[in-house]
Amino acid sequence: MEQTTSAGYRLLEEELLPEDEPALLAVGTLYGVGVGPGDPELITVKACRLLKECPVIAYPAAKKGGKSYAHEIVEMYVDAEQKTMLGLVFPMTKDPVQLENGWRWTVELCWNELRHGNDVAFVTEGDPNLYSTFIHLARLMQELHPGVPVVSVPGISSVLGAAAALEQPLADGNQRVGIIPATEDREALKEALLHHDTIVFLKVAKVLDTVLDVLDELGLGGKASVVTKVTSPYETVWRDARKLRGTELEYLSLMVVSK
């Protein structure tokens, strides 16, 4: 891989990919493994098997050496002492140079295991193909190292977990469902609400009051519920989202609006 303009990144790259070490023919598989929304029992048999079989388990970490929500679920099924636990710290910045260098660095950490023939299971909350960090990781891996096999293993989404927690269906018959990342864009929020029978707003915590304002404008204020850390031991359900106005919610919160 070409060196970047960052001296620090260049040094790490040299440590990972020494020029005098020959490339190996056996390349491991990168698995994106969905481990469910929070309840450790909501993990598929296939996901459980792969976690036990893969010698390397990669997981998103909030900081170097830290653990993630998905990591807690994994610990229920594997002995971390018997695995290479690869904590990946993803860049939380809008700076394009830092973003590119940070993402390339996480890919190279995985590649350093894959090139030695080790399968890597990247665990993600929910499903790996629905608003998941794995999507960009897999895309960049295929771009930088096109010979790496990439396989995704479906998981139960927090969207489905919320429906169970609220004991209400997401859709029936010809009803339409929208899964929308909540933003400050009021017109986009209105459009989603007007064109779907059920709307699930993800990442609603930072824009909760804005969403509540739009709901009130459309006469839907009483149709919204909020669930935080769904299906986990820390799950909290508010059946009337209006009571949360002005409240600071956990990041892992979503809103379900059912007309």
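The set of residues in segment 91-141 being hydroxyl-bearing (Ser, Thr, Tyr) and surrounded by 15 or more Cβ atoms within 10 Å (Cβ to Cβ) consists of 106, 124, 131, 132, 133. Among 149, 96, which is touching a residue at least 40 places away in the same chain (Cβ under 8 Å) and over 27 Å from residue 38 (Cα atoms)? Exactly one residue qualifies, and that residue is 149.
It is to be established whether one or more residues within segment 123-142 are touching a Cys at 6+ places or on another chain (Cβ under 8 Å) and of a type in the set (Val, Ile, Thr). No, segment 123-142 has no match at all. Pairing each residue of segment 240-259 that is in contact (Cβ under 8 Å) with a residue 60 or more places away in the chain with any residue that is open to solvent by 100 Å² or more (accessible area, probe 1.4 Å), provided the two are 6+ apart or on different chains, yields C-beta distances under 8 Å for 254/203. Of these, 235, 250, 217, which one is modelled with pLDDT under 95 and open to solvent by 50 Å² or more (accessible area, probe 1.4 Å)? Testing whether each residue is modelled with pLDDT under 95 and open to solvent by 50 Å² or more (accessible area, probe 1.4 Å) leaves just 250.
Considered as a group, the residues in segment 163-180 that are under 25 Å from the mean Cα position of the chain (by Cα) and exposed (fewer than 15 other Cβ atoms within 10 Å of the Cβ) include one that is farthest from residue 227 (Cα to Cα), and that residue is 176. In segment 123-206, counting only strands (runs of 3 or more DSSP E) that sit wholly within it, the ones holding 1 or more residues that are under 24 Å from residue 259 (Cβ atoms) span 177-181, 198-202.
Among the residues making up segment 82-120, those that are in contact with a Phe, Trp or Tyr (Cβ under 8 Å, 6 or more places away or on another chain) and aromatic (Phe, Trp, Tyr) are 90, 103, 105.
Tell me, please, whether a residue that is closer than 21 Å to residue 69 by Cβ, without any contact (Cβ under 8 Å) to a residue 40 or more places away in the chain and touching a helix residue (DSSP H, G or I) at 6+ places or on another chain (Cβ under 7 Å) can be found in segment 207-226. Within segment 207-226 (the criterion being closer than 21 Å to residue 69 by Cβ, without any contact (Cβ under 8 Å) to a residue 40 or more places away in the chain and touching a helix residue (DSSP H, G or I) at 6+ places or on another chain (Cβ under 7 Å)), the answer is yes, since at least one residue qualifies. Does residue 193 fit the bill of being among the hydrophobic types (A, V, I, L, M, F, W, C), open to solvent by less than 10 Å² (accessible area, probe 1.4 Å) and over 18 Å from residue 126 (Cβ atoms)? When the stated conditions are applied, residue 193 passes them.
Of all residues in segment 204-214, those satisfying the criterion of being open to solvent by less than 10 Å² (accessible area, probe 1.4 Å) and either within 22 Å of the chain's Cα centre (by Cα) or under 22 Å from residue 126 (Cα atoms) (or both) are 204, 208. Of all residue pairs spaced 6 or more apart or on separate chains, those with beta-carbon atoms under 8 Å, a first member in segment 79-92 that is assigned to a loop (DSSP other than H, G, I, E, B) and a second member that is crowded, with 16+ Cβ neighbours inside 10 Å and of a type in the set (Val, Ile, Thr) are 83/56; 83/57; 89/106; 90/106; 90/133.
The values are calculated or read from the model by the stated rules, or taken from the named source; none is laboratory data. The structure displayed is predicted, hence computed values, not measured ones. Methodologically, a virtual Cβ is constructed for each residue, glycine included, from the backbone with ideal geometry; neighbour enumeration extends over all protein chains shown. Note: accessible area is taken over every heavy atom of the protein model, side chains too, but ligands, DNA and RNA are not part of it. Shrake-Rupley method; radii C 1.70, N 1.55, O 1.52, S 1.80 Å.
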